[in-house]
Structures are given as C-alpha cells and as structure tokens.
Amino acid sequence: MIRVGIVDFDTSHAVEFTKRLNHLDIDAEQWVEGAKVVAGVPGTSRISPERIPEYTAQMQKYGVPIFDRPEDLMGKIDAVFIEAVDGSVHLERARPFLERGMPTFVDKPFACSLVDAKAMADVAVRSHAPLFSSSSLRYAPEVVEGASVEHPGGSLVGAATYGPSPLDTTGRNPGLFHYGIHPVEMLFALMGGGCASVSARSTEGVDLVTGVWGDGRIGSVRGLRQGKQDYGFTRFGEKAVSTHPVSTAYIYRELLKQIVKMFESGQAPLDLHQTLEMVAFMEGAARSGRQQGAEVTIRV
C-alpha cells in the first residue's frame, strides 16, 4: 500500500480524495485501491483560508495525522498530493518532494505561469521524479469516450468545450487559471497537443477562447459566468457532429485511478509537454484578451 501525504487543505479535494483512497464516508463504487492517505499538512492560503479549519477537522475525524510543515512528511510517505488552490505556490510546495525523486501529483492549475511550470518540470526531470497534473474533467467517462479513436463519429476534426469559469477575485489565479482550467483540460483531452496559436475575448459573463492546432484543426473553450453553468462539449467528427453533457459523478474516482497508477508504475499518464502547453494556452489567452483578441503564438 502506497503511503500518501496531502499538502494544503484549502480545497475540498483534500477531503474527497481521502474518502476515496481510505474508503471512508462514501459508497464502495467510489473507492480506489492501492494507496492510502497517511499524513497531511493544512498549510496556509491566500485564496480560501476560511476553508482550512473545516477541512482540517474533517481529516482529523478520518484519523489522518496532521503535521505543521511539508518537510515533516519526509520519511513518512511514498508519494504526495500538492493541493493548494493557489497555482502560484505549486512550484514552492512541490520542489522539496520532487528534489527527492518522490512521485508527485500537482492539482489544477499546475502553475500560473509558463516560467513556473517549466521550472517544476525541470526539477522533476533532473530528479527522475514522476510528475503529473490534471483537472479531474480530463478523465470524465464522456470525455474519454469522445477522445477515443474508435468513436462512432469518426476521427475528431474539431471540438468546442464549455464549463464554469468564475474569476479569482484575489488575482492569484488569473483568468482561466482559476476554474477555466476544467474546460481547457477537456479541450486538450479531446484534441491532443499541438496547439499553435490562441485568441480570446472576454466579457463580464463569458470567456471565448479559440485555439488553432498545427494540423489546421480548431478548438474552442467557452468559460461561463452567466446563465446555466454546466460542463460539456461538442465533438466535430468526420462522420458525425455530437454534443455531450459531462457528469461530475465519477471524475474524482477516475482521476485517482490514474494518479495511483503513476505512484505504482513511476510513469505519468500524461506527457508533461501537454501540461506545459495548456499553461501556455491559458497565458496566451490572457495576453490575447489584453490585445482585443489578437492571435498569440503558443511556444513551450
């Protein structure tokens, strides 16, 4: 059994992941085998500090030992989850574990700048540390099916995803980095890597971001702040066009299966280059928005 530590408790993911891995307070169909949360560090937060006491109490109820500092976890765990809502601190939080070669999952957003994202990836490569980051929406069953080469609609020639995109009022997770990462991740799960340029326009109620892939395909993200705010996507295939709502019922379970598989095998399920590309896509979208929708080249 892999011993897992969780760093930062300002997100419900700390509790929800523990429920599924430790088989507590949740239906057996949601359980994930192979790893157990054995330690946690509540940490601090510049975005949601009010959440930490509640989630710390919940983790203590589940019998998870609580420590003051991330370094206190060394020697007690085999793998780590970096769970801070604030993507700008992920490099700082993850670095000590990556430097020791420890398998590390960094929750969304991976980072809030390409500079930080590349620095994290470089540490992982130098230390031979398995590193993985993903929105849980990437592994929603509907998205996995939509990305399949065996989809009845034929090869995918384009996609449009949508989902809630509230803004972080603190400015720590700017633009799409806060919640828009979910429909962005769905888009890249469907389209794959290779986005060459991005353009974006935003109003009070919506972000509309369009990417042009190097092979000529086009994909778009609609980040919703007004009206009904569900997840879903339209799949443009060679044989059919289809629109699919996306359920969140099993997304944590499916993501955790991928994380545990990495902890066991030492192989990340997603190429880090695509993760870096998504950071560049969101950074480029912000730059395009400041330039009234000008096309911005994506470089990783």
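Looking at segment 273-289, I want the residues that are without any contact (Cβ under 8 Å) to a residue 12 or more places away in the chain and have a partner that is buried (at least 20 other Cβ atoms within 10 Å of the Cβ) with Cβ atoms under 7 Å, at least 6 apart or on another chain. Which pairs are those? Pairs found: 287/296. Restricting 167, 190 to residues that are touching a residue at least 40 places away in the same chain (Cβ under 8 Å) and not in a loop (DSSP other than H, G, I, E, B) narrows the list to 190. Exactly one residue among 78, 68 is farther than 22 Å from residue 34 by Cα and acidic (Asp, Glu), and that residue is 68. Examine segment 199-215 for a residue that is over 16 Å from residue 112 (Cβ atoms), in contact with a Lys or Arg (Cβ under 8 Å, 6 or more places away or on another chain) and part of a loop (DSSP other than H, G, I, E, B), and state whether such a residue exists. For segment 199-215, residues over 16 Å from residue 112 (Cβ atoms), in contact with a Lys or Arg (Cβ under 8 Å, 6 or more places away or on another chain) and part of a loop (DSSP other than H, G, I, E, B): present.
When segment 213-246 is examined, which residues are found to be small (Gly, Ala, Ser) and surrounded by 13 or more Cβ atoms within 10 Å (Cβ to Cβ)? Answer for segment 213-246, where residues must be small (Gly, Ala, Ser) and surrounded by 13 or more Cβ atoms within 10 Å (Cβ to Cβ): 219, 220, 223, 232, 237, 242. The condition of being in contact with a Gly (Cβ under 9 Å, 6 or more places away or on another chain) and surrounded by fewer than 19 Cβ atoms within 10 Å (Cβ to Cβ) holds for only one of 198, 206, that being 206.
Just checking, does segment 93-106 include any residue being without any contact (Cβ under 8 Å) to a residue 40 or more places away in the chain, of a type in the set (Gly, Ala, Ser), crowded, with 18+ Cβ neighbours inside 10 Å and within 28 Å of residue 184 (Cβ to Cβ)? Yes; the residues of segment 93-106 include at least one that is without any contact (Cβ under 8 Å) to a residue 40 or more places away in the chain, of a type in the set (Gly, Ala, Ser), crowded, with 18+ Cβ neighbours inside 10 Å and within 28 Å of residue 184 (Cβ to Cβ). Residue 52 passes every criterion in (1) in a loop (DSSP other than H, G, I, E, B); (2) of a type in the set (A, V, I, L, M, F, W, C); (3) under 23 Å from residue 168 (Cα atoms); (4) more than 20 Å from the chain's Cα centre (by Cα) apart from (1). Within segment 24-65, being farther than 26 Å from residue 110 by Cβ and either in contact with a helix residue (DSSP H, G or I) (Cβ under 7 Å, 6 or more places away or on another chain) or hydrophobic (A, V, I, L, M, F, W, C) (or both) holds for 24, 25, 26, 28, 31, 57, 62. Taking the stated definitions as given, is residue 141 out of contact with any helix residue (DSSP H, G or I) (no Cβ under 6 Å at 6 or more places or on another chain) and not assigned by TED's automatic domain parsing to the domain that holds residue 11? Criteria met by residue 141.
The values are calculated or read from the model by the stated rules, or taken from the named source; none is laboratory data. Predicted model only: the values in this text are computed from it and were never measured. All Cβ positions, even for glycine, are placed from backbone atoms using ideal geometry, and neighbour counts span all protein chains on display.
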